Amino acid sequence: MRNGLSKDLIARVLGNAPKYTLDELESKFPPRDLPDGALVTRFAPSPTGYMHVGNLYGALIDYKLAQQSNGVFMLRIEDTDTKREVDGAVEVVKSAMKKFGLQYRNEEQYGPYYQSQRKDIYHSVVAYLLENGMAYPCFLTSEEMDGIRARQTASGFATGIYGEWARDRDLTEEEIIAHLNNGEIPSIRLYSTGNPEQRIFCKDAVRGSISFPENNEDTVLIKSNDGLPTYHFAHLVDDHFMRTTHVVRGEEWLPSLPLHTQMFRMMGWTAPLYIHTSTLDKIDAETGKQRKMSKRKDPENNVAFFLADGWPTEAVLEYLGNILASGYEEAKMKGLAKSFWNYEIRPKKIPMSGSIFDMKKLEWWAKEYIATLPVNTLVKFVIDWANEYGNENNKKQIANVDYLTSVLSIERDNPKRIRKDFITWQQTLNEVSYFWDFLFIPNKEYEYNKDVLKEFISTFDINDDKDSWWNKITEIANKFAIKSGELAMNLRVALTGRTNTPDLYSIMQVLGSDNVLNRINQIL
Ligand code: GLU
């Protein structure tokens with residue numbers, strides 16, 4: 001530890017006197033009054049305008065841990081990096097949270113939830129550190145730091161501001177005042193007493209206890225340009241005073257764990273339990289090798305893609321849920337869990353590496369999920385999607401809700417034989433497009449048996465029940481010495497343009513007599 005600064009000097013260094021003492025902060029943000037075992041988690045995105053699937057994965061873990069323990073799940077906007085901030089980015093996050101149903105509870109008492117609005121809290125804590133010799137003002141300019149880095153690199157030292165390289169670590173009050181009188185604005189750095197020859201033991205829920213060399217870097221806590229905290233310091237202060245119990249974050253933060261553990265110990269605070277999640281990879285279509293998802297190459301890396309393409313959000317969550325809790329699929333198949341929301345996950349079991357996000361698997365989850373929907377729910381999802389994201393044709397398809405409902409009702413009445421060919425809301429509308437004349441594309445390639453078709457329309461009656469309808473088909477087929485299936489195929493292609501469709505009788509019923517006759521006559 002170094003000498004602490006006087007209160008007056010602290011006020012000068014920070015540009016303002018601290019608003020709170022630590023005790024005041026402790027009582028302003030008291031420990032939460034929650035049932036035993038309740039976890040407090042937070043999703044803490046930086047508003048960069050892009051929410052990737054890894055963010056959604058993390059947010060799902062946060063949400064789930066809070067939900068299953070009757071705890072609290074918060075949304076905190078980490079907007080301290082003003083250079084990277086993008087307009088409208090917070091809206092992107094909030095709307096995705098809403099669409100995926102990951103409802104957060106930001107209780108006013110523990111706010112504000114935008115880090116940019118918490119400056120007085122950070123300054124109050126850093127004032128405590130300055131007063132107690134655990135932090136110091138640093139007047140190094142960026143040119144000076146570049147110089148230090150160049151010298152360190154040239155002579156093979158680790159780069160950074162630490163030990164002897166930390167020029168301002170032990171400035172006296174007089175020296176600090178001289179810098180201030182010179183108009184210089186300092187950053188505030190941690191006065192690290194860590195020794196990299198020694199090891200610090202840190203805890204991660206998945207990895208257990210992990211040891212690292214102690215941190216000796218005088219990490220920046222408060223930046224000089226805007227007085228805002230770095231991630232490291234904001235995390236310390238916010239997760240303590242928001243009373244976060246579990247921090248779920250990407251594994252890219254693992255190397256910072258010794259620093260964070262050091263800071264929590266320095267403050268005498270209990271650190272939250274960390275869960276560092278592995279990145280979601282994919283199998284590269286060209287090389288067949290596992291690799292990280294890329295913003296440039298993989299549209300599915302962007303959460304907005306799933307919404308725009310109409311993937312059922314619940315199915316995306318179910319699949320992500322199965323990635324983070326690998327026993328879920330089996331439990332579901334065995335009927336032990338109806339949905340991910342009543343399946344208990346265990347932080348310890350969250351995978352620490354090698355997780356693959358595979359669109360083919362997602363398709364399976366989506367098909368299974370859509371197959372469980374009552375037709376009216378399916379119709380509602382399709383309509384909501386088309387209204388927001390659909391093209392002109394999609395909008396015409398949803399105009400007549402009754403007709404759309406009959407179309408989507410086909411092969412949904414027998415719970416054992418529900419069709420499983422719907423994957424996304426968009427693809428659902430494409431899959432059934434032949435029900436609308438303006439989208440129907442007659443199949444001109446197919447070699448129709450026109451005599452048979454002629455005979456069929458001469459006997460056709462829309463009011464026939466399924467058995468009489470089929471009897472007629474068999475009779476005609478016999479008469480022409482062909483198989484009934486062949487006749488059915490002729491009808492199927494004539495009516496839908498396709499060789500593969502759900503139940504033909506139902507299709508005719510939905511199309512109606514005029515359409516059936518028109519389409520066959522067109523072929524003839
Ligand atoms: N803003 C940080 C990020 O987006 C949050 C990390 C954390 O959850 O602590 O990576």
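The values are calculated or read from the model by the stated rules, or taken from the named source; none is laboratory data. Everything numeric here is computed off the predicted structure, so don't read it as measured data. Backbone-built Cβ (ideal geometry, glycine too); neighbour counts: all protein chains shown. The area values use the complete protein model at the heavy-atom level, side chains included, leaving out ligands, DNA and RNA. Shrake-Rupley method; radii C 1.70, N 1.55, O 1.52, S 1.80 Å.
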Between the modelled labels at E108 and S142 (7 Å from Cα along Cα→Cβ) the distance in nm is 4.1 nm
Dividing the mean separation of Cα pairs under 8 Å (6+ apart) by the residue count of segment 143-281 yields a relative contact order in percent of 21 percent
Percent relative contact order for the chain, counting Cα pairs under 8 Å at least six residues apart, stands at 12 percent
Taking protein heavy atoms only, a 1.4 Å probe, and rounding to whole percent, the accessible area of segment 455-509 owed to carbon and sulfur comes out at 46 percent
In debye to the nearest 20, the charge dipole size for the chain, taken about the Cα centre with +1 at each Lys and Arg Cβ and -1 at each Asp and Glu Cβ, equals 1100 debye
FRET efficiency (I185, R265; Cβ distance; R0 45 Å; to 0.05) is 0.90
Note, segment 51-58: 3J(HN,Hα) by Karplus (6.51, -1.76, 1.60, θ = phi - 60°), whole Hz, Gly/Pro = x, goes 10, 9, 5, x, 4, 5, 4, x
Charge dipole of segment 80-200 built from unit charges on the beta carbon (Lys, Arg +1; Asp, Glu -1), centred at mean Cα; most positive-end Cα among I200, V93, T141 is V93
The distance between the Cα centres of segment 154-180 and segment 274-312, in whole Å, is 43 Å
Over 30 Å (Cα to Cα) among K83/K348; K203/K223; K83/K395 -> K83/K348; K83/K395
So for R0 = 22 Å, FRET eff. of K292-T82 from the Cβ-Cβ r, to 0.05, ends up at 0.20
One finds the C-alpha centres of segment 101-143 and segment 436-463 to be spaced, in Å, by 72 Å
Of every hundred units of 1.4 Å-probe accessible area on segment 6-124, the number belonging to carbon and sulfur atoms, as a percent, is 47 percent
On the accessible surface of segment 261-318, probed at 1.4 Å with all protein chains in place, carbon and sulfur together account for a percent value of 50 percent
With Cα coordinates, the longest principal axis of the chain makes an angle with the long axis of helix 484-496, in degrees rounded to 10, of 60 degrees
Calc'd 3J(HN,Hα), segment 369-376, phi into Karplus 6.51 cos²θ - 1.76 cosθ + 1.60 (θ = phi - 60°), Hz, glycine/Pro = x, comes to 5, 4, 5, 8, 7, x, 4, 5
In debye to the nearest 20, the charge dipole size for segment 288-349, taken about the Cα centre with +1 at each Lys and Arg Cβ and -1 at each Asp and Glu Cβ, equals 440 debye
The chain: antiparallel bridges as % of DSSP beta bridges, rounded to 5, reads 60 percent
Simple spin-label estimate for Q117/S484, 7 Å along Cα→Cβ, in nm, reads 7.0 nm
Expected vector for segment 309-317, Karplus 3J(HN,Hα) from phi with 6.51, -1.76, 1.60 and θ = phi - 60°, integer Hz, x for Gly and Pro, equals 7, x, 6, x, 4, 5, 5, 4, 5
Violations at 22 Å Cα threshold for listed pairs K282/K380; K289/K361; K99/K282; K94/K349; K64/K332; K334/K361 -> K282/K380; K99/K282; K94/K349
Note: probe point = Cα of N391 + 7 Å toward Cβ; backbone nitrogen < 17 Å; residues of segment 416-432 passing the test are 424-432
With Cα coordinates, the longest principal axis of the chain makes an angle with the long axis of helix 142-154, in degrees rounded to 10, of 90 degrees
Here the gain from full extension of D437 to N16, 0.36 nm per residue of separation minus their alpha-carbon distance, amounts to 144.4 nm
A chain fully extended from D33 to K360 at 0.36 nm per residue, minus the present Cα-Cα distance, gains in nm 113.3 nm
Long-range amide H partners of I200, meaning residues 5 or more apart or on another chain whose placed amide H is closer than 5 Å, are F212, E214
Once both label points are put 7 Å beyond Cα along the C-beta direction, the S339-S211 separation in nm becomes 4.7 nm
Result: in segment 409-524 the number of Lys pairs with C-alpha under 22 Å apart, spaced 8 or more or on different chains, is 12
The alpha-carbon pair-distance distribution computed for the chain, with 10 angstrom bins and whole-percent values, is 3, 15, 20, 19, 14, 10, 7, 5, 4, 2, 0, 0
Mean accessible area per residue over the chain (1.4 angstrom probe, all protein chains present, square angstrom) is 48 Å²
The rounded separation in angstrom of the Cα centers of segment 221-242 and segment 51-84 is 18 Å
Charge dipole of segment 326-366 built from unit charges on the beta carbon (Lys, Arg +1; Asp, Glu -1), centred at mean Cα; most positive-end Cα among N342, S353, A366 is N342
With no solvent term and unit scatterers on the alpha-carbon positions of segment 254-409, Debye gives log₁₀ I(q)/I(0) at q = 0.09, 0.15, 0.20 Å⁻¹ of -0.45, -0.98, -1.27
Among N376, G497, G54, the residue whose Cα sits farthest towards the positive end of the charge dipole of the chain, when +1 is placed on the Cβ of each Lys and Arg and -1 on the Cβ of each Asp and Glu, is G497
A chain fully extended from N518 to N414 at 0.36 nm per residue, minus the present Cα-Cα distance, gains in nm 34.4 nm
So, relative contact order of segment 79-225 in percent, Cα under 8 Å, 6 or more apart, is 21 percent
Computed from the beta carbon distance with a Förster radius of 35 Å, FRET efficiency for F460 and K380 to the nearest 0.05 stands at 0.55
Computed about the Cα centre, the charge dipole of segment 162-288 from +1 Lys/Arg and -1 Asp/Glu charges at the Cβ has a magnitude in debye, to the nearest 20, of 580 debye
Sorted by chain and number, the residues with a modelled amide H under 5 Å from that of F100, at a separation of 5 or more or across chains, are none
